[in-house]
Amino acid sequence: MEENFDAFEVIARTRGKVDMDSVPTGGKLFPLWGWLAAIAYSLEFLLWQLLHQEWCLWLWVLIPVIGVPLMALFIRKDRDRTHMRTRVSRLVLDYWIFAACVFCMGGFLFGFTGVYEVVENPLMAVLVGIGAFITGGAMRFRPMVVGGLAGAAIGVCSFVLQGDLWVWQMLAIVASAVAALIIPGHLYQKSVKNGI
């Protein structure tokens, strides 16, 4: 005999057993990626100022090399709790996968063609800001929306740093990461701990 379930019954049966994810893998990833970007690009800026060696410009590669294993560790820990992806969490996850691919492909492409001073760094800052803005909107977390707007604005403004000033674009990425990921990420973690 075939049982007929309506949506309310299914929700009632699963309530308490399944948490609906509003954010993929929790809020720890925002500060993680923010701190990695801030540290890597600060180090890149300082070493470039001191040494003026081409290899200094490739320190951004540390971000995915360190971040991907740490992200996998956080995701594995997150699997311990039963959760179900929502359309919103899928949208956020898809955007960050897209941004990571653009970040990596763009970095290598711009690095090998030598157009650092034209678009690479401002584009990265804009992508970080837009991602935080989308994520903050999806989570309905206003500090991340505001931080994302600030991060994207920093990225757009850094397009004017051309010529001899292009190296300062690296600090624009640092500022964008602080505004869009680090501060809102820690505020989000605090709100989750406080149950807000």
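The values are calculated or read from the model by the stated rules, or taken from the named source; none is laboratory data. Because the structure is predicted, anything quoted here is derived from the model rather than measured. With ideal geometry, Cβ positions are generated from the backbone for all residues, glycine too; neighbour counts draw on all protein chains shown.
The figures follow:
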read-out	value
Test: residue in the stretch 144-160 that is more than 13 Å from the chain's Cα centre (by Cα), within 19 Å of residue 104 (Cβ to Cβ) and modelled with pLDDT of 90 or more	yes
Where a residue in the stretch 152-179 is surrounded by fewer than 18 Cβ atoms within 10 Å (Cβ to Cβ) and its partner, wherever it lies, is not in a helix (DSSP H, G or I), with Cβ under 6 Å and at least six apart	168/161
Residue among 63, 39 that alone is at pLDDT 90 or above, β-branched (Val, Ile, Thr) and either part of a helix (DSSP H, G or I) or surrounded by 11 or more Cβ atoms within 10 Å (Cβ to Cβ) (or both)	39
Residue count for the stretch 42-53, restricted to those that are crowded, with 19+ Cβ neighbours inside 10 Å and without any contact (Cβ under 8 Å) to a residue 24 or more places away in the chain	0
Failed criterion for residue 113 (all others in (1) surrounded by fewer than 16 Cβ atoms within 10 Å (Cβ to Cβ); (2) touching a residue at least 24 places away in the same chain (Cβ under 8 Å); (3) hydroxyl-bearing (Ser, Thr, Tyr) hold)	(2)
Search result, residues across the stretch 45-60 that are within 12 Å of residue 167 (Cα to Cα) and either touching a strand residue (DSSP E or B) at 6+ places or on another chain (Cβ under 9 Å) or not in a helix (DSSP H, G or I) (or both)	52
Per-region count, the stretch 30-59, residues under 17 Å from residue 181 (Cα atoms) and among the aromatic types (Phe, Trp, Tyr)	4
Qualifying residue in the stretch 149-164 (condition: under 29 Å from residue 189 (Cα atoms) and out of contact with any helix residue (DSSP H, G or I) (no Cβ under 9 Å at 6 or more places or on another chain))	no
